[in-house]
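First comes the structure, then the notes that go with it.
No value in this document is a laboratory result; all are computed from the given coordinates. This is a predicted model, so every value here is computed, not measured.
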Amino acid sequence: MATRLRMNLISLTRSSFLKQHLGVAGQESADTEALQQELRDMRQRCGLLAEENKDLKNRLQRYEPTQEDGAAE
């Protein structure tokens with residue numbers, strides 16, 4: 001009798017586990033997709049900021065004297 005009760009309990013536990021995790025699968029997929037999209041957006045923004053930074057550094061060099069021009073004096 002104890003063995004049968006233990007087997008039923010194990011079966012119930014497995015069933016509850018599967019229901020709990022299978023029920024969340026759709027939500028997990030949506031969360032994963034949202035995070036992947038956010039990652040793509042951030043990478044694109046990072047690339048744009050890197051370009052802007054490069055442009056600003058180039059513009060700054062026009063206004064700052066170089067060491068050869070006497071900045072060290």
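What's the extension gain from Leu39 to Lys57 if we count 0.36 nm per residue and subtract their Cα-Cα distance? Before the final figure, lay out each step's value.
On the way: separation 18, 0.36 × 18 = 6.48 nm, distance 2.66 nm.
So the chain would gain 3.8 nm between Leu39 and Lys57.
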Derived scalar couplings ³J(HN,Hα) [the stretch 46-51; Karplus, 6.51 cos²θ - 1.76 cosθ + 1.60; whole Hz; x for Gly, Pro]: 4, x, 5, 5, 5, 5
